[in-house]
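The values are calculated or read from the model by the stated rules, or taken from the named source; none is laboratory data. Treat the numbers as computed from the prediction; the structure is a model and nothing was measured. As a convention, Cβ positions derive from the backbone with ideal geometry for all residues, glycine included, and neighbour counts pool all protein chains shown.
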Amino acid sequence: MEQRMYRILLATTALVSFTGAAAAEITWSGEVALGYNDEELVEDGEGVIATAEIVPNLSVELDYGLTAEAEATILLLDQEGGSGVDTDDLSEDFEAESYILSLSNEFFGLSFGTVDFAPDSMWKSAGDMESDGFSEADGETGVLLTGSYGPVMAGVSSVLHTDDFSTGTGSGDFDQLGVAVNAELEGFDISLAYQEEAENDFDPANNNDDFEPNEILALSVGTTFEGLDVRLGYASDETADENSTGLELGYAIQDVSLGGYFVSESEGDDNWGVSAGYESGPIAVEAYVTDEQGAYLNGVEGSYAVTDRLIVRAGVIDDEDPADDGGSYIGGEYDLGNGASFLVSYADADNDGTPGEAGSAEDELGAPEYKHGLTALLTLEF
């Protein structure tokens, strides 16, 4: 931890020093939350929720339209559960959760740190495609280069193979090159993404279970006919020799929006889904039915803005997989002004945890991501 913070501060110092006499603009943002949850097995157990993080950002305007930036998300306190806040050694919570060093101008950006992966962040799928499982960034150190030229935007990324993310000793090499391109050409929206097969050993259980070492290639094309949005996509997992072909449709009629998709899978059951939404004034409702590899997921979720400050949300989700996010919830959030809000929610998750196993309960139920049980939470953003 200390070595990691030292590297961040050293890189920041070098970045500012490199600018010479140029003055760095420093801005601060962050979030503090304090609350209580009455159910066990939410993170470390029932009890107090106390979190705090700050985000310092250093920005310097250079010559030739370039901007250099250094930003870190520093976790000051992370107490979610337990009968009280452990104040014996708060230094255990203090850590840099993420950091990014970047150099950019109007046409390109080069970033190093806990960056997004180009294929996952830029790829546009055509429904629930099993073979487009690109690696998702979750705190790994990597490099990302993005650029745009007219209607074309492209990105290239690579992840750093470290001790924290390997099955053994990290090599320190960059691995799994990823490339993505999005383009708007003659009324067609084209999306292309590719990631190479990882050369080094990675341990998904050690850090990020969303890392996918396989070689994946995907292409989709979307357009609009008389208000009907259409996207056709193809994804191929070259390592597993599996592929997905999907068609996704969307249509809006005044306050009502309709959607649907069908994906033909070379392995396993096909995927399909339909949805309908309504939004008018203070009311917003969405209903959906999906079949994910033979398992149905149905839900109705909605919200009602009682006043400009108070919004109420509720939903019922039926998920055949008990390990996923099925259940029901209701909650209200009141805007206190100046970045402060107060939340009260109750969620009854199908996956309510395994006795004695901390963190096994579902705590991201529905679109609001409510915790299982009764929660009261005061949040301040600045």
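Tabulated values for the structure
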item	result
Those residues of the range 53-96 which are modelled with pLDDT of 80 or more, out of contact with any Phe, Trp or Tyr (no Cβ under 9 Å at 6 or more places or on another chain) and either among the polar types (S, T, N, Q) or assigned by TED's automatic domain parsing to the domain that holds Thr141 (or both), in sequence order	Ser59, Thr67
Ser131, sole failed condition from (1) among the hydroxyl-bearing types (Ser, Thr, Tyr); (2) out of contact with any Gly (no Cβ under 9 Å at 6 or more places or on another chain); (3) not in a loop (DSSP other than H, G, I, E, B)	(3)
One residue from Tyr346, Tyr304 being modelled with pLDDT of 85 or more, farther than 20 Å from Tyr288 by Cβ and either of a type in the set (A, V, I, L, M) or more than 23 Å from the chain's Cα centre (by Cα) (or both)	Tyr346
Residue among Gly133, Gly139 that alone is touching a residue at least 40 places away in the same chain (Cβ under 8 Å), surrounded by fewer than 16 Cβ atoms within 10 Å (Cβ to Cβ) and in the same structural domain as Val230 (by TED's automatic domain parsing)	Gly139
Some residue of the range 8-20 being over 20 Å from Ser102 (Cβ atoms) and at pLDDT below 90	no
Complete set of residues in the range 267-314 that are more than 30 Å from Phe342 (Cβ to Cβ) and among the aromatic types (Phe, Trp, Tyr)	Trp272, Tyr296
Options Gly113, Gly147, Gly109; residue that is buried (at least 17 other Cβ atoms within 10 Å of the Cβ), of a type outside the set (Lys, Arg) and in contact with a Phe, Trp or Tyr (Cβ under 6 Å, 6 or more places away or on another chain)	Gly113
Lone unmet requirement of (1) farther than 24 Å from Gly187 by Cβ; (2) part of a strand (DSSP E or B); (3) in the same structural domain as Leu192 (by TED's automatic domain parsing) for Ala240	(2)
Extreme residue, surrounded by the fewest Cβ atoms within 10 Å (Cβ to Cβ), among residues of the range 168-216 that are in a loop (DSSP other than H, G, I, E, B) and among the hydroxyl-bearing types (Ser, Thr, Tyr)	Thr169
The listed residue being more than 12 Å from Ser131 (Cβ to Cβ) and surrounded by 14 or more Cβ atoms within 10 Å (Cβ to Cβ), out of Asp237, Asp269, Asp255, Asp229	Asp229
